[in-house]
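Novice: Here's a structure for you.
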Amino acid sequence: MTEKYAVVVIGGGAAGLSAALVLGRARHRTLVVDAGEPRNAPAAHMQGYLSRDGMPPAEFLAIGREEIARYGVELVRDRVVEVERGEDFTVVLAGGRTLRARRLVVATGLEDELPGIAGVAQRFGRDVLHCPFCHGWEVRDQPFGVLASSPAGVHQALMVSQWSKDVRFFLHTVAEEELSDEDLRRLAAAGVDVVPGEVAELVIEGDRLTGVRLTDGTAHARSVLFVAPRAVPRTGLLEQLGAELHETPFGAYPVVDANGLTTVPGVWAAGNAIGFSEQVVHAASGGYRAAAAIVGDLLMTDLDAAAQV
């Protein structure tokens, strides 16, 4: 049996839950499909969200799920495997349910593909970090390392120098001649030491990062390492629907308007589904904007239909 909803929200992170909250309060029957794979799961705390600074991400999501339930919003732990656009949208779940929805919110986020260096994945979100705005204050004034994955890593090395004056930029697989004269001038001005040579592994002692070891055997004492994961946007469902994507330095993301409406009528996207740098506070805001736009869209659609009767 096919169940019908006004809106199906695909993704139960900050963006999806925020959209669901607004939709529930607007009295629309809404279902959130949550695969349970939030991008910030490795982090112990989230920062920079006014009134929620320092809250564990899991606690934030648990509160969000409680809030949407107050307004009759349903949530199912499952994964969407297929979507099809017709008069309504058909949504097929891995668990076997088939849903119909008048509108969709895609908040499927992205995955962080980490450098394949021993120790990086195990320490990610603890003392291997990627965002100084998220974690810089907590590790301030410690010895930092920055792992280059491309010449663009210079930007990350310069940014983190605002939180520590002891920064070493490990070129890893980037040749020194790939850095421009401007890069080198800025790194020198920021007091960042450039370290040529490929990184072999992280040195872990007593469940904490203590150093970075190069393939030549030399070790550099560091207690924090910043890396730049390769972003892998989860755009499969949007591609099934025929949404237009645009290329960015961090992957291909859907073309959206100011409220998150994609090029597919009736489909909105929010959170990391629309961009690499969407923090939790941005994702929640994006979900709110998308939901408010959907409420207006459904209202006008129904009023126009009623006026033609």
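Novice: Condition check: surrounded by fewer than 23 Cβ atoms within 10 Å (Cβ to Cβ), closer than 29 Å to Val81 by Cβ and polar (S, T, N, Q). Does Thr301 satisfy that?
Specialist: Here the answer is yes, as Thr301 does meet what is asked.
Novice: Say whether the condition of being within 30 Å of Val199 (Cα to Cα) and open to solvent by 60 Å² or more (accessible area, probe 1.4 Å) is met by at least one residue in the stretch 231-244.
Specialist: For the stretch 231-244, residues within 30 Å of Val199 (Cα to Cα) and open to solvent by 60 Å² or more (accessible area, probe 1.4 Å): present.
Novice: Can you tell me which residue within the stretch 262-307, out of those that are in contact (Cβ under 8 Å) with a residue 24 or more places away in the chain and among the charged types (D, E, K, R), is farthest from Asn40 (Cα to Cα)?
Specialist: Asp297
Novice: Testing Val33 on (1) outside any loop (DSSP other than H, G, I, E, B); (2) without any contact (Cβ under 8 Å) to a residue 60 or more places away in the chain, one condition comes back false. Which one is that?
Specialist: (2) is the only condition that Val33 fails.
Novice: Next question, about the same structure. List the pairs whose first member sits in the stretch 179-208 and is within 13 Å of Gly145 (Cα to Cα), whose second member is open to solvent by 40 Å² or more (accessible area, probe 1.4 Å) and in a helix (DSSP H, G or I), and whose Cβ atoms are under 6 Å apart, counting only residues at least 6 apart or on separate chains?
Specialist: From residues that are within 13 Å of Gly145 (Cα to Cα), the pairs are Pro196/Glu176.
Novice: Please determine whether any residue of the stretch 112-124 is assigned to a strand (DSSP E or B) and either of a type in the set (Asp, Glu) or on the phi > 0 side of the Ramachandran plot (or both).
Specialist: Yes: one or more hits.
Novice: Then there's this: Going through Glu205, Glu201 one at a time, which residue ends up being surrounded by fewer than 18 Cβ atoms within 10 Å (Cβ to Cβ), touching a Lys or Arg at 6+ places or on another chain (Cβ under 7 Å) and among the charged types (D, E, K, R)?
Specialist: Glu201
Novice: Please find, within the stretch 125-146, the residue that is nearest to Leu158 (Cα to Cα) out of those that are open to solvent by 30 Å² or more (accessible area, probe 1.4 Å) and aromatic (Phe, Trp, Tyr).
Specialist: Taking the candidates together, the pick is Phe133.
Novice: Would it be correct to say that Phe226 is touching a residue at least 12 places away in the same chain (Cβ under 8 Å) and either over 25 Å from Val22 (Cβ atoms) or loosely packed, with under 13 Cβ neighbours inside 10 Å (or both)? Break it down stepwise before answering.
Specialist: Details: touching a residue at least 12 places away in the same chain (Cβ under 8 Å): yes; either over 25 Å from Val22 (Cβ atoms) or loosely packed, with under 13 Cβ neighbours inside 10 Å (or both): yes.
Against the criterion (touching a residue at least 12 places away in the same chain (Cβ under 8 Å) and either over 25 Å from Val22 (Cβ atoms) or loosely packed, with under 13 Cβ neighbours inside 10 Å (or both)), Phe226 qualifies.
Novice: Of all the residues that make up the stretch 109-123, how many are open to solvent by 30 Å² or more (accessible area, probe 1.4 Å), in contact (Cβ under 8 Å) with a residue 24 or more places away in the chain and closer than 22 Å to Glu37 by Cβ?
Specialist: At the first step, the residues of the stretch 109-123 found to be open to solvent by 30 Å² or more (accessible area, probe 1.4 Å) are 111-116, 118, 121-122.
In the following step, the residues that additionally are in contact (Cβ under 8 Å) with a residue 24 or more places away in the chain were identified as 111-115, 118, 122.
Adding the requirement that they be closer than 22 Å to Glu37 by Cβ leaves 111-115, 122.
Number of matching residues: 6.
The values are calculated or read from the model by the stated rules, or taken from the named source; none is laboratory data. Keep in mind it's a predicted model, so treat the numbers as computed, not measured. Counting neighbours? That spans all protein chains shown, and the Cβs are built from the backbone with ideal geometry, glycine included. With ligands, DNA and RNA removed, areas are computed over all heavy atoms of the protein, side chains included. Shrake-Rupley method; radii C 1.70, N 1.55, O 1.52, S 1.80 Å.
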